[in-house]
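One structure is given below, encoded as structure tokens.
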Amino acid sequence: MGFLDKLFGKRTKEEEIMTTEKVNIGIILGSTRQGRVSPQVGDWVKGIADKRGDANYEIVDIADFNLPFLGTTDGSEPGIGAWNGKLAELDGFVFIVQEYNHSITGALKNALDFAREAWNDKAAGIVSYGSTGGARAAEHLRGICGELKIADVRVHPTLSLFTDFENGTDFKPQALHLDNVNAMLGEVVQWSTALKTIR
């Protein structure tokens, strides 16, 4: 590319492909317990995301990988490699986070710890829920994201067990959350696209 092309913004074919290729975003379900509600929340987020058409979105359920507790085995379980392989395919993440004792679930922390490079230089959004909207769990997750070189975006939809769930089990989100989810997804896609250029 010549100097004038650069000056006047003419892009190379490689740069054009980079800007038109959709990024892959995994919506990670952060709970594995019996009776969990994270699949309902994840499906709701994916339904909103798919209408945007700005990225390839998929649900990634950590329960599907049967990860052992870190450090308790020789690390040869097939789920460990499959987990890292799935993360490597993704450019960004949306974590569906439940608050347990003011933090994230043990299952999510374990899954985060079972990978390193596969997380690096990618972006993430957080959708949390709990008695206080899961805010304390989300703040703990942000610290972990920093260590794993995941750039977490600012907009953070918080769902209340009192106003967005019936009987603590049936997810019925208030309409007011739609704008926040869309704003969060927009930031995740922008940051994921930008960070792809440095990996």
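The values are calculated or read from the model by the stated rules, or taken from the named source; none is laboratory data. Note that this is a predicted model, so its numbers are computed, not measured. As a convention, Cβ positions derive from the backbone with ideal geometry for all residues, glycine included, and neighbour counts pool all protein chains shown. Just the protein is used for accessible areas: all its heavy atoms, side chains included, with ligands, DNA and RNA removed. Shrake-Rupley method; radii C 1.70, N 1.55, O 1.52, S 1.80 Å.
Details
- Here the range 118-156 is the region considered, the condition is being touching a residue at least 24 places away in the same chain (Cβ under 8 Å) and acidic (D, E), and the residue that is surrounded by the fewest Cβ atoms within 10 Å (Cβ to Cβ) is D121.
- Residues that are at pLDDT 95 or above number at least 2 in the following helices (runs of 4 or more DSSP H) confined to the range 1-68: 38-52.
- Scan of the range 99-108 for residues that are under 28 Å from G81 (Cβ atoms) and free of Cβ contacts under 8 Å to residues at least 60 places away in the same chain, ordered by number: Y100, S103, G106
- Taking the conditions (1) open to solvent by less than 20 Å² (accessible area, probe 1.4 Å); (2) in contact with a Ser or Thr (Cβ under 9 Å, 6 or more places away or on another chain); (3) closer than 20 Å to Y57 by Cα in turn, S192 satisfies each one other than (2).
- Just one of the listed residues (K109, K122) is within 22 Å of A49 (Cα to Cα) and out of contact with any Pro (no Cβ under 7 Å at 6 or more places or on another chain), and it is K122.
- Some residue of the range 69-91 being of a type in the set (D, E), in contact with a Lys or Arg (Cβ under 7 Å, 6 or more places away or on another chain), under 20 Å from H140 (Cβ atoms) and open to solvent by less than 40 Å² (accessible area, probe 1.4 Å): no
- Any chance D179 is within 25 Å of K22 (Cβ to Cβ) and of a type in the set (D, E): yes
- Options S103, S128: the member that is of a type in the set (S, T, N, Q) and closer than 29 Å to R199 by Cα: S128
- Single residue of A55, A111, A63 found to be over 12 Å from the mean Cα position of the chain (by Cα) and either without any contact (Cβ under 8 Å) to a residue 12 or more places away in the chain or open to solvent by 30 Å² or more (accessible area, probe 1.4 Å) (or both): A63
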